[in-house]
Number of protein chains: 2
Amino acid sequence: MFRCHLLIVPLLFLSQVRCEVFTALADLQELLNTEAVLIHSLENYIRAEELKIDLLKRYADIYNKQHNKATEDVESYVANPLNAYTLVKRMTTDWQEVESLITTDVSKDYMANISYAKENMKFPTDEDLNGAAAAVIRLQDTYRLDTASLARGELNGVKYSSELTAADCFELGRQSYNNGDFYHTLLWMREADERLSREQNKTVDKGEILEYLAFSTYKEGNINLALDLTNKLLEMVPTHERAKGNKVYYEEEIQKGSYKKKGDDETDDIITNEGVTIVRKYIVLSLQWETVW
Amino acid sequence: MFRCHLLIVPLLFLSQVRCEVFTALADLQELLNTEAVLIHSLENYIRAEELKIDLLKRYADIYNKQHNKATEDVESYVANPLNAYTLVKRMTTDWQEVESLITTDVSKDYMANISYAKENMKFPTDEDLNGAAAAVIRLQDTYRLDTASLARGELNGVKYSSELTAADCFELGRQSYNNGDFYHTLLWMREADERLSREQNKTVDKGEILEYLAFSTYKEGNINLALDLTNKLLEMVPTHERAKGNKVYYEEEIQKGSYKKKGDDETDDIITNEGVTIVRKYIVLSLQWETVW
């Protein structure tokens, strides 16, 4: 594992940033070497799969042509010994080749290469991802950077890096959530939602964003908005079991008018009714592990 | 298993053909229903694999763009916390999705459909293929049909069926070989070779044709030509173990001048030297089973 916290940023106005660990630059450079190997393996795998698919398409083409010809006049087709022979051949020796192609696991060799690279080269862990995300959040806080500008790769109106995708923003929100930082979860999930609405090739699932948004909103004390977001999620996915349980819980809390922000009072987690149990289960799970409730 | 011998051909001049079994037409019509299911499954499988590959190509594209940007100036790239974060993310959560896609076995469901069709619908066996090929050979003999014309789907200059591919001709040769009919093996292997030379998308391996040609030539009594064909095969595949053994055997037999056509004298198979043992081994194997020597 390598450590990746806040890095030295080559921007004058960032020179005073305090970093816990300064050693990650060389590690990150090495990561790029590993990435080159991964990309190479991925491209070779794609080429191999395409060759296999092209061959199968040729078979499908031959099968279709002959089959269509046969169905024009079935009786006279099968009555001709040459046709009868080619039909039987298509379904015996030829079809054995088709099946053998279909069941050929092209991925095996490439996955072996990838595993070798992961074991023998520098490769980041989930902890490194959490550290790299925390570095971005710290940068944002230190310079009070606007989330949308930062997502555009801008610092004080100057573009320093590529734009983030909705998935990149989502992951920053998810990492903040895992760190119990619901304020930044909200900022980055909203940005993810905003970016997602403009993406042609969607990089993340809207439902997942809504789940994080609803629970972080609830944690930040706005139970009515949490309920609205949960209803929105249920409109999209009516069978969403967790959302159904949470909806019941939020409605009951609003009716009772007894809602207190979670975490203010530990006894809040001592809950009895079914809807609440579901929420509690996922709160506990989410704190124990990275599971999305 | 269904039976498929010589069929009733709806051509006036074939009306006197004697058939052992006349019942195969309905079976062949049912085979076409099975073939339709197989083609449908194959096409759906191809579509599913293409979707997977398209998604992986999008990943590869994103990886390449970001990686190329990084390698333009590695130090300043990794020193930027946003870049550091997206690099680590590409190699953790994103890469997990890439690996998950690569290792997704798309074939499973389609193979299940195919197996179901094969078990529950009419499906031909290797014996049926042998019967269907024998019907073609019998047709050829009965009407003394020229191999090249028959391969073009012509009877007396009139086109009655699709042209055969080199692989179709090869299979007719292979089935004749399995029936110990080396005369027709030679006819159809020569036709396969001729057609192969004109095929843009090769349907059969030239080396395999040469193997059958050489041994059938030897069985038909022309040991010098069998040696020439074996040498031709060795030019193409110098490491071909069976061809190397047979070359030694043919050369020794020619030197001794003691060659007699196999089958003329049963004692010919009682052989002692190493080269001969190899040939004998494959003769025995080929008679016992469909193995190509």
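The values are calculated or read from the model by the stated rules, or taken from the named source; none is laboratory data. The structure presented is a predicted model; accordingly, all values stated were derived computationally and were not measured. Every residue, glycine among them, receives a Cβ derived from its backbone with ideal geometry; neighbour counts consider all protein chains shown.
Overview of results
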| quantity | calculated |
| --- | --- |
| Failed item, numbered, when A:S76 is tested on (1) within 7 Å of chain B (Cβ to nearest Cβ); (2) modelled with pLDDT of 95 or more; (3) surrounded by fewer than 17 Cβ atoms within 10 Å (Cβ to Cβ) | (2) |
| Matching option when the condition is farther than 26 Å from B:Q175 by Cβ, basic (K, R) and modelled with pLDDT of 95 or more, among A:K52, A:K108, A:K89, A:K118 | A:K52 |
| Any hit, the range A:98-108, residues being out of contact with any helix residue (DSSP H, G or I) (no Cβ under 8 Å at 6 or more places or on another chain), in a helix (DSSP H, G or I) and under 30 Å from B:L56 (Cα atoms) | yes |
| Criterion: closer than 21 Å to A:A166 by Cα, more than 7 Å from every other protein chain (Cβ to nearest Cβ) and within 32 Å of the chain's Cα centre (by Cα) - qualifying residue of B:D94, B:D54, B:D61, B:D109 | B:D54 |
| Cβ pairs under 7 Å, 6+ apart, first in the range A:182-200 and farther than 14 Å from A:R152 by Cβ, second of a type in the set (K, R) and in a helix (DSSP H, G or I) | A:F182/A:K219; A:L196/A:K206 |
| From the options B:A70, B:A84, B:A132, residue that is within 23 Å of the chain's Cα centre (by Cα), facing another protein chain (nearest Cβ under 9 Å), in a helix (DSSP H, G or I) and of a type in the set (A, V, I, L, M) | B:A132 |
| Residue among B:A192, B:A166, B:A214 that is farther than 28 Å from A:V74 by Cα and of a type in the set (G, A, S) | B:A214 |
| The range A:59-100, residues that are of a type in the set (G, A, S) and farther than 19 Å from B:D126 by Cβ | A:A60, A:A70, A:S76, A:A79 |
| Selection within the range B:195-216 - assigned to a helix (DSSP H, G or I) and either over 17 Å from B:M236 (Cβ atoms) or not assigned by TED's automatic domain parsing to the domain that holds B:E252 (or both) | B:R195, B:R198, B:S216 |
| Residues located in the range A:79-120, provided they are free of Cβ contacts under 8 Å to residues at least 12 places away in the same chain and touching a Leu at 6+ places or on another chain (Cβ under 9 Å) | A:A79, A:N80, A:P81, A:L82, A:A84, A:Y85, A:V88, A:K89, A:M91, A:T92, A:T93, A:W95 |
| Single unsatisfied condition, B:T125 versus (1) more than 8 Å from chain A (Cβ to nearest Cβ); (2) surrounded by fewer than 19 Cβ atoms within 10 Å (Cβ to Cβ); (3) under 29 Å from B:N33 (Cβ atoms) | (1) |
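One line per residue, one yes/no per condition, for (1) within 12 Å of chain B (Cβ to nearest Cβ); (2) buried (at least 24 other Cβ atoms within 10 Å of the Cβ); (3) among the aliphatic types (A, V, I, L, M):
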residue: A:L139; (1), (2), (3): yes, no, yes
residue: A:R144; (1), (2), (3): no, no, no
residue: A:N156; (1), (2), (3): no, no, no
residue: A:T165; (1), (2), (3): yes, no, no
residue: A:F170; (1), (2), (3): yes, yes, no
residue: A:G173; (1), (2), (3): no, yes, no
residue: A:T185; (1), (2), (3): no, yes, no
residue: A:A192; (1), (2), (3): no, yes, yes
residue: A:S197; (1), (2), (3): no, no, no
